[in-house]
Amino acid sequence: MGVSVSGEGLGRIAEGIAFLKSHKVRIGIPDGGGGESDGLSNVQLAFILTNGSPVNHNPPRPFLEPALAQPKTQQQIARHMKAAAKAALEGDTGGAMDQMHMAGQAGEDAVKDYMASGAFAPNSGFTINGGWMRNRVSGKPFHADPKGSSKPLIDTSNLQGSITHVVE
């Protein structure tokens, strides 16, 4: 038993395929993604946190990719993207956009939760307690304020708040 599609139905499917090819869900921090911490943009800060900084003795603390790679997150995103594809192929691009935004929101929420509860290398005693130290380049002393917590990635919540999604 086969299904025959012609005329308007075939055109709707072609439009749906074109829609799906031209739209993407991106999850992360948009370029220029708000706020600054110690003179760094959130994009720069996320890069340093993800890759670490040997100069500053900071270990890598990746958060975006590991959060999105969690099986539960993958299943949620896949479920919404499948629904988006179905809607687009049925000619409902508005419904497809809604589902793509839901997929993005699922990823966004997963990254924020991972940042808040992820098992990262703890902050150093200096980071927690603050104190005086010398700039490695100039040799001038400076005082670092204490963070007061051993939990990395969450200080002002500025970085965490900059995690978002866009449908392009």
Meets criteria (under 23 Å from D109 (Cβ atoms) and modelled with pLDDT of 80 or more) for N51: no
Enumerated helices (runs of 4 or more DSSP H) restricted to segment 16-91, each holding at least 1 residues that are surrounded by fewer than 18 Cβ atoms within 10 Å (Cβ to Cβ) and more than 16 Å from the chain's Cα centre (by Cα): 71-89
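May I ask you to say which residue of I154, I163 is β-branched (V, I, T) and either at pLDDT 90 or above or touching a Cys at 6+ places or on another chain (Cβ under 9 Å) (or both)? Reasoning before the result, please.
Details: I154 fails: either at pLDDT 90 or above or touching a Cys at 6+ places or on another chain (Cβ under 9 Å) (or both).
Matching residue, one of I154, I163: I163.
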Residues located in segment 103-119, provided they are in a helix (DSSP H, G or I) and either closer than 16 Å to E168 by Cβ or without any contact (Cβ under 8 Å) to a residue 12 or more places away in the chain (or both): A103, G104, Q105, G107, E108, D109, S117
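The values are calculated or read from the model by the stated rules, or taken from the named source; none is laboratory data. Note that the coordinates shown come from a computational prediction; the quantities given were computed from them, not determined experimentally. No Cβ is skipped: glycine too gets one built from the backbone with ideal geometry, and neighbour counts run over all protein chains shown.
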